[in-house]
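Asker: One structure coming up, written as structure tokens, with questions to follow.
Only the coordinates and a few stated rules stand behind these numbers; no lab work does. Because the structure is a prediction, the values reported are computed rather than measured. For neighbour counting, all protein chains shown are included, and Cβ atoms are generated from backbone atoms with ideal geometry for every residue, glycine included.
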Ligand SMILES: Nc1ncnc2c1ncn2[C@@H]1O[C@H](COP(=O)(O)OP(=O)(O)O)[C@@H](O)[C@H]1O
Ligand SMILES: [Mg+2]
């Protein structure tokens, strides 16, 4: 019954001409609608995600942070709407995805190095090119562990480092990260945060980072996308422009503290609403 109802609602939605985002937009989301079991999660949702920026996605538990990035990354189908990357569809866009659960993210029968190189092999790149790219990645991540080991022989932090390397191997235009630090200890979290920031400063890859830790969300972000409870809307988009690299000292900067405080106020306003 609800499926029939959804279909009717969608069929009646007005078809508007596509409105591009402002200059500097990478991902344009227009009229995005997604129902689960007859209940709206997103309804006619619009958003512009800037290019060469890190956007942190923050909001109440269950508001649809993972679903949003999974729909953009094409892992979950949308009911209706349009998502374009520089005006192109997903099939013409190179993306990388880092999962929260690194234990299930890699092929256990492949050595870590082969897991990382896997996307390059899928692209049918030659051996010399794969080797060159792998050497580049290993150098930029300053890898201290043995990549010839199998993933299950590595620590959690090492596995997550490897899965970030794999996501970056083909040089994606957009990198999606769904709570990439949540299963890591604090030391490893700090290490991977720094690595991500270095990669970003070096490549400018657009990153969409879901985090349930507000401090971390702000620390890494150029923009904090604050979402409401479902049906989910944009509560506010907060700019945080402190220079990179951000360091431990950043955490006590007045500008950082102000951005965090404002994000928290918006979040609290939304959960109480
Ligand atoms: N496959 C599914 N079937 C039904 N409901 C789902 C499914 N996936 C997610 N949901 C619901 O959609 C909402 C958003 O989920 P999710 O995107 O995982 O939230 P978040 O990542 O913000 O915590 C939640 O209420 C969740 O229960
Ligand atoms: Mg989630």
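Asker: Please report 122, 184, 209 as a ranked list, fewest other C-beta atoms within 10 angstrom at the top and most at the bottom.
Answerer: Lowest count first: 122, 184, 209.
Asker: Here is a further query. For region 163-218, what mean projected area does the convex hull of the alpha carbons give, in nm²?
Answerer: Details: hull surface 14.9 nm².
With every direction weighted equally, the projected area is 3.7 nm².
Asker: Would you look at the GNM of the chain, springs on alpha carbons closer than 10 Å, and say which of 163, 255, 263 moves the most?
Answerer: Evaluated over the chain, the most mobile residue of the options is 255.
Asker: Against the longest principal axis of the chain, how steep is helix 156-168, in degrees 0 to 90 to the nearest 10, with axes from Cα atoms?
Answerer: 70
Asker: Alpha carbon centre of region 111-163 versus region 24-85: separation in Å?
Answerer: Cα centroid of region 111-163 versus Cα centroid of region 24-85: 30 Å apart.
Asker: Taking 0.36 nm per residue of separation and subtracting the Cα-Cα distance, what length does fully extending residue 155 through residue 46 add? Present the calculation step by step, with values, prior to reporting the outcome.
Answerer: Values: separation 109, 0.36 × 109 = 39.24 nm, distance 3.97 nm.
Here the answer is 35.3 nm.
Asker: Suppose only helical runs count, i.e. DSSP H with n ≥ 4. What mean residue ellipticity at 222 nm does that imply for the chain under -39500 (n - 2.57) per run, divided by all residues and rounded to the nearest 500 deg cm²/dmol? Don't jump to the answer; show the numbers that get you there.
Answerer: On the way: 8 runs with 102 residues, N = 273.
One gets -12000 deg cm²/dmol as the mean residue ellipticity at 222 nm.
Asker: Using a 10 Å cut-off on Cβ atoms, rank the peptides 190-202, 240-252 from the highest mean neighbour count down.
Answerer: On the way: 190-202: 16.4, 240-252: 12.2.
Highest mean packing first, the order is 190-202, 240-252.
Asker: Output the relative contact order of region 146-231, whole-number percent, from Cα pairs under 8 angstrom with separation of 6+ residues. Don't skip to the end; give the middle numbers.
Answerer: Details: 49 pairs, mean separation 25.0, N = 86.
The value is 29 percent.
Asker: Hey, fewest Cβ within 10 Å first, where do 186, 181 land in order?
Answerer: Numbers: 186 8, 181 25.
Fewest-to-most ranking of 186, 181: 186, 181.
Asker: For helix 127-141, what angle does its Cα long axis make with the longest principal axis of the chain, in degrees from 0 to 90 and rounded to 10?
Answerer: 80
Asker: Using the beta-carbon distance between residue 236 and residue 92 and R0 = 22 Å, what value does 1/(1 + (r/R0)^6) give for FRET efficiency, to the nearest 0.05?
Answerer: Details: r = 32 Å, r/R0 = 1.43.
Taking R0 as 22 Å, the efficiency between residue 236 and residue 92 is 0.10.
Asker: Can you compute the label reach from residue 36? Point 7 Å from Cα along the Cβ direction, backbone N cut-off under 17 Å, restricted to region 90-124.
Answerer: 100-101
Asker: Would you mind putting 58-64, 84-90 in packing order, based on average other-beta-carbon counts within 10 Å, highest first?
Answerer: Listed from highest to lowest mean packing, they are 58-64, 84-90.
Asker: Extension gain residue 23-residue 138, at 0.36 nm per residue separation less the Cα-Cα distance, in nm? Don't skip to the end; give the middle numbers.
Answerer: Numbers: separation 115, 0.36 × 115 = 41.40 nm, distance 3.46 nm.
Going from the current span to full extension adds 37.9 nm.
Asker: OK, next. Quick one: which of 123-134, 38-49 comes out on top by average Cβ neighbours within 10 Å, and what's the full order, highest first? Walk me through the numbers before you get to the answer.
Answerer: Numbers: 123-134: 12.6, 38-49: 18.2.
Descending mean neighbour count gives 38-49, 123-134.
Asker: What's the extension gain from residue 146 to residue 262 if we count 0.36 nm per residue and subtract their Cα-Cα distance? Working shown, then result.
Answerer: On the way: separation 116, 0.36 × 116 = 41.76 nm, distance 4.30 nm.
Difference between extended and current length: 37.5 nm.
Asker: Something else: How high is the relative contact order of region 26-112? Use alpha-carbon pairs under 8 Å, at least six apart in sequence, and give a whole percent. Write down the numbers at each step before the final one.
Answerer: Numbers: 99 pairs, mean separation 28.2, N = 87.
Over region 26-112, the number comes to 32 percent.
Asker: Which shape class applies to region 210-273: rounded if a/c is under 1.5, otherwise prolate when a/b exceeds b/c and oblate if not, where a ≥ b ≥ c are the square roots of the Cα gyration tensor eigenvalues?
Answerer: Details: a/c = 2.44, a/b = 2.04, b/c = 1.20.
Verdict is prolate for region 210-273.
Asker: Counting alpha carbon pairs within less than 8 Å and at least 6 residues apart, what relative contact order, in whole percent, applies to the chain? Spell out each step's value before the answer.
Answerer: On the way: 445 pairs, mean separation 65.6, N = 273.
Computed over the chain, the figure is 24 percent.
Asker: Moving on to the next point. Could you pull the Cα extents of region 106-233 along its three principal axes, largest to smallest, in whole Å?
Answerer: Here the Cα extents, ordered largest to smallest, are 47, 28, 28 Å.
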